[in-house]
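Single-structure report; data block below.
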Amino acid sequence: MLLWDNTPGSTFKTGQAVTYYTEGIVSDSTRYPCHHGFYFKGLHVGCHAHASPVSIVPAISTSCNSYFCWGLYHMLANRRKYKTLDDAMDVWRDYMVSMGFGYKLGIDLPGEKRGMIPNAQFYDHAFKHWNPLSVISISIGQGEVNLTPLQIANLGATIANRGYYIAPHVVRHIQGKNLDKKYMEHHRTKGSVRAYQEVIAGMISSVRGGTCAHAFHPGYSLAGKTGTAQNRGKDHSVFMGFAPVDTPKIAIAVYVENGGFGADFGVPIGSLMIEQYINGKLTPGDAAQADALQKRHISYAFKHPLTHSDSLRLDSIKRVNMIKDSLKLVRQKQDMAEAERMKEAQKKKEAEEKEKKKQPQNDPAIRVEPEELIKQDKKEKDKEDDKKEKEKEKNKDNKDSRKESKDKNKGTDKSKEHEKSKSKGQSKDKSKSKETINRAK
Ligand SMILES: [Zn+2]
């Protein structure tokens, strides 16, 4: 009860429903689809056959995996309400801790274990990158979540109290002494009373016709929740419940290792114990059932090699994540190869362009022209040279004649310059006179 913790299975869904409802992630009218499970982005979490879509009360009563996966997904992926995934995860963790999970409840018996509630830092260490889908299995009480059977029973008591618990204790009275204050204190969870009422409606419905139908007893009202905790061998059979619903006297958790489905062992054992506690005895029919149960034998499969059916039963989420990781690796390798190809292609292009630039510089040195062509070229060059010389001589003659005409012109130019300077002086005087006028003003 205290020294051992394990995955709580579907009993944990009640705490999830309280969290989603109080946080406003789901309301009475919120319905999520379930077609034999939760399908999203290649991830599949299986569920049994039932009507779809489901709202909060039938989701608890039929223990629908899909509903609780969608709820956690919409909570952790809600960037309007929570700034980051870490923030959303920490809010979720705070709800769980407020329900007495993840820490010792403080019972007056030695050796209590604290169980395990993961937080954002845990996943930051566990995974390089994680997202709501990486942790989705915690929504159905699988994966990294661990509770002691005492914590599951305390969950039942908290629901019965509509949202608070008193630290569980064995000693009720001490003669001549007061009971330790910590065993009288009310620990209020973060869940709203309204949310707890929704969960109780689901648990009552579960007993009337859902997964806890065998627990129905005409003498008193009972609220219950089954759980089937996945295991390497045969699953653990779990039941959590309380009675009577409106004036609760007992809350109970039954955890039968390798007991299979919750309805196989957990529900009948739990309902018989509740009946014994409330009525002080069992009806003849229930007494016969108790006898039969005592004679039933569960073969515990310790440390046997995994059979084919066992391996098939292994957590589907873990398998899908492994496939996802391997696909990522393949994609990364493909991207790297593509990048290298692009680099090599670029290098080739650059090298080709360099060679193209070099080729025209080398050509003249390599080119060998036939002698005749060279001779013709020479003759033509000589002719051209002659022409050029003749033209030069002509130009010289022209220049000389021009010089003479220029010298004549220079005289007239100088007279023009004189006139220009004169006019400049006049304009300067004018501007000066203007200035003096302005100053006078
Ligand atoms: Zn379902």
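The values are calculated or read from the model by the stated rules, or taken from the named source; none is laboratory data. Everything quoted here is computed from the prediction, not taken from an experiment. We place every Cβ from the backbone using ideal geometry, glycine too, and count neighbours over all the protein chains shown.
So if I check each of 19, 7, which one is under 25 Å from residue 234 (Cβ atoms) and more than 11 Å from the ligand (Cβ to nearest atom)? Walk me through how you get there before you give the answer.
Values: 19 fails: under 25 Å from residue 234 (Cβ atoms).
After ruling out the rest, the residue left standing is 7.
A quick yes/no check of all residues on (1) out of contact with any Lys or Arg (no Cβ under 8 Å at 6 or more places or on another chain); (2) farther than 29 Å from residue 161 by Cβ:
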| position | (1), (2) |
| --- | --- |
| 30 | yes, no |
| 49 | yes, yes |
| 55 | no, no |
| 66 | yes, yes |
| 69 | yes, no |
| 76 | yes, no |
| 82 | yes, no |
| 96 | yes, no |
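Screening residue 76 on (1) within 15 Å of the ligand (Cβ to nearest atom); (2) surrounded by 18 or more Cβ atoms within 10 Å (Cβ to Cβ); (3) not aromatic (Phe, Trp, Tyr) shows it passes everything except condition (1).
Being within 16 Å of the ligand (Cβ to nearest atom), small (Gly, Ala, Ser) and crowded, with 18+ Cβ neighbours inside 10 Å is not true of residue 102.
Of all the criteria given as (1) near the ligand (Cβ under 10 Å from one of its atoms); (2) aromatic (Phe, Trp, Tyr); (3) closer than 22 Å to residue 102 by Cβ, the one not satisfied by residue 67 is (3). Taken as a whole, the structure places residue 93 among residues that are crowded, with 18+ Cβ neighbours inside 10 Å, away from the ligand (no atom under 15 Å from the Cβ) and either within 16 Å of the chain's Cα centre (by Cα) or of a type in the set (S, T, N, Q) (or both).
In summary, residue 54 fulfils each of the numbered conditions (1) surrounded by 19 or more Cβ atoms within 10 Å (Cβ to Cβ); (2) on the phi > 0 side of the Ramachandran plot with the single exception of condition (2).
Among the listed residues 50, 36, identify the single one that is at pLDDT below 95, touching a helix residue (DSSP H, G or I) at 6+ places or on another chain (Cβ under 6 Å) and over 21 Å from residue 127 (Cα atoms). Step through it out loud before you land on a result.
Details: 36 fails: touching a helix residue (DSSP H, G or I) at 6+ places or on another chain (Cβ under 6 Å).
Matching residue, one of 50, 36: 50.
Can you pull out the residues in the range 106-116 that are in contact with an Asp or Glu (Cβ under 7 Å, 6 or more places away or on another chain) and of a type in the set (A, V, I, L, M)?
Start the filter on the range 106-116 by keeping residues that are in contact with an Asp or Glu (Cβ under 7 Å, 6 or more places away or on another chain), which leaves 113, 115-116.
Answer for the range 106-116, where residues must be in contact with an Asp or Glu (Cβ under 7 Å, 6 or more places away or on another chain) and of a type in the set (A, V, I, L, M): just 116.
Confirm whether residue 29 is away from the ligand (no atom under 14 Å from the Cβ), over 23 Å from the mean Cα position of the chain (by Cα) and either surrounded by 12 or more Cβ atoms within 10 Å (Cβ to Cβ) or under 29 Å from residue 158 (Cα atoms) (or both). Spelling it out, residue 29 is indeed away from the ligand (no atom under 14 Å from the Cβ), over 23 Å from the mean Cα position of the chain (by Cα) and either surrounded by 12 or more Cβ atoms within 10 Å (Cβ to Cβ) or under 29 Å from residue 158 (Cα atoms) (or both).
Kindly provide the set of residues from the range 39-52 that are within 8 Å of the ligand (Cβ to nearest atom) and under 26 Å from residue 325 (Cβ atoms), ordered by number. Full working, then the answer.
Filtering the range 39-52 down to residues within 8 Å of the ligand (Cβ to nearest atom) leaves 47-48, 50, 52.
Scanning the range 39-52 gives a single hit, 47.
Just one residue in the set 62, 14 is away from the ligand (no atom under 11 Å from the Cβ) and in contact (Cβ under 8 Å) with a residue 24 or more places away in the chain; that residue is 14.
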